[in-house]
Amino acid sequence: MDIQANLNGVLSELPLGVSLVAVSKFHPCEAIKEAYRAGQRIFGESRVQELLGKQASLPADIQWHFIGHLQTNKVKYIAPFVSMIDAVDSWKLLEEIDTQGGRCGRVIPCLLELHIAQEESKYGFTFNSCREMLDNGAWRSLQHVAICGVMGMATYTDDEKQVAQEFASLHDFFTMLKRTYFEDDARFKEISMGMTHDYLLAVAAGSTMVRIGTKIFGERIH
Ligand SMILES: *Cc1c(COP(=O)(O)O)cnc(C)c1O
């Protein structure tokens, strides 16, 4: 497994302006160091305990993204250092991130997770529930979160047309949100979509941030 070669292969396919979250969940610190030595600084983790262990033993200039489902009672552990919370899927979670951001004097960057796949999933806003939350307006008074855009996962399928359609729907939704709620907020600019099996389709559909694990680090052993 040549992590540096894999990483450079992925980077060479990303247009300027598309950032890479190297998804290191389930992989050891050694693997992260390998990518770090090649210049990668943004890493994604999906379990709080694992992230805390890695954060404590790896270089301080790593930007950690929390990409998984985050339970509200665990926000406090990562609030002091997390660089972005990529999968905010409820108002309750957003409020708790704001509370914990306040406790450590930070404004925590967040993405709203939209459920765009046909697969069943417990997580992610529907387009409607996301609009309801934003229409409600209470989010405007949160001082310690920055809503920086949207995130979504397409259906896991070989049907490229379907995947492309799902990504296009997220792109359109982002554009509508930007126009309706965030026109004057330069921080709202990210569309995080695209993983190992579909990132080229995501980039073609306007992704600004891909989250790639397997293609860089190899298969995860659970
Ligand atoms: C695991 C994971 C990824 C990376 O998946 P790969 O198929 O290994 O690239 C991306 N996004 C989220 C939310 C994940 O949980």
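The values are calculated or read from the model by the stated rules, or taken from the named source; none is laboratory data. Predicted model, so just to flag it, every value in this text is computed and none were measured. All Cβ positions, even for glycine, are placed from backbone atoms using ideal geometry, and neighbour counts span all protein chains on display. We work out accessible area using only protein heavy atoms, side chains counted, and drop any ligands, DNA or RNA first. Shrake-Rupley method; radii C 1.70, N 1.55, O 1.52, S 1.80 Å.
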Out of curiosity, is F217 in contact (Cβ under 8 Å) with a residue 12 or more places away in the chain, surrounded by 14 or more Cβ atoms within 10 Å (Cβ to Cβ) and more than 12 Å from the ligand (Cβ to nearest atom)?
no
The condition from (1) without any contact (Cβ under 8 Å) to a residue 24 or more places away in the chain; (2) closer than 19 Å to I108 by Cα; (3) of a type outside the set (K, R) that I67 misses is numbered (1)
Exercise for review: For the stretch 30-41, indicate whether the set of residues that are in contact (Cβ under 8 Å) with a residue 60 or more places away in the chain and more than 23 Å from M193 (Cα to Cα) is non-empty.
Suggested key: yes
Restricting the stretch 55-67 to residues that are surrounded by 17 or more Cβ atoms within 10 Å (Cβ to Cβ) and not in a helix (DSSP H, G or I), the one nearest to the chain's Cα centre (by Cα) turns out to be I67
Residue count, the stretch 174-214, condition assigned to a loop (DSSP other than H, G, I, E, B), within 13 Å of the ligand (Cβ to nearest atom) and either open to solvent by 10 Å² or more (accessible area, probe 1.4 Å) or out of contact with any strand residue (DSSP E or B) (no Cβ under 7 Å at 6 or more places or on another chain) (or both), comes to 4
If we ask which residues in the stretch 30-46 are assigned to a loop (DSSP other than H, G, I, E, B) and either among the hydroxyl-bearing types (S, T, Y) or on the phi < 0 side of the Ramachandran plot (or both), their number turns out to be 4
Scanning the stretch 35-53 for residues that are touching a Leu at 6+ places or on another chain (Cβ under 6 Å) and of a type in the set (G, A, S), the one surrounded by the most Cβ atoms within 10 Å (Cβ to Cβ) turns out to be A35
Going by the conditions given, is F127 open to solvent by 30 Å² or more (accessible area, probe 1.4 Å) and touching a Phe, Trp or Tyr at 6+ places or on another chain (Cβ under 8 Å)? yes
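Residue by residue through the stretch 95-108, note down the ones that are open to solvent by 30 Å² or more (accessible area, probe 1.4 Å) and either touching a residue at least 40 places away in the same chain (Cβ under 8 Å) or in contact with a helix residue (DSSP H, G or I) (Cβ under 7 Å, 6 or more places away or on another chain) (or both).
Hits for the stretch 95-108 are E95, E96, T99, G102, V107.
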Listed by first then second residue, the pairs whose first member lies in the stretch 14-29 and is on the phi > 0 side of the Ramachandran plot, whose partner is within 15 Å of the ligand (Cβ to nearest atom) and in a loop (DSSP other than H, G, I, E, B), with beta carbons under 7 Å and at least 6 positions apart or on separate chains, are G17/T208; F26/R220; F26/I221; F26/H222
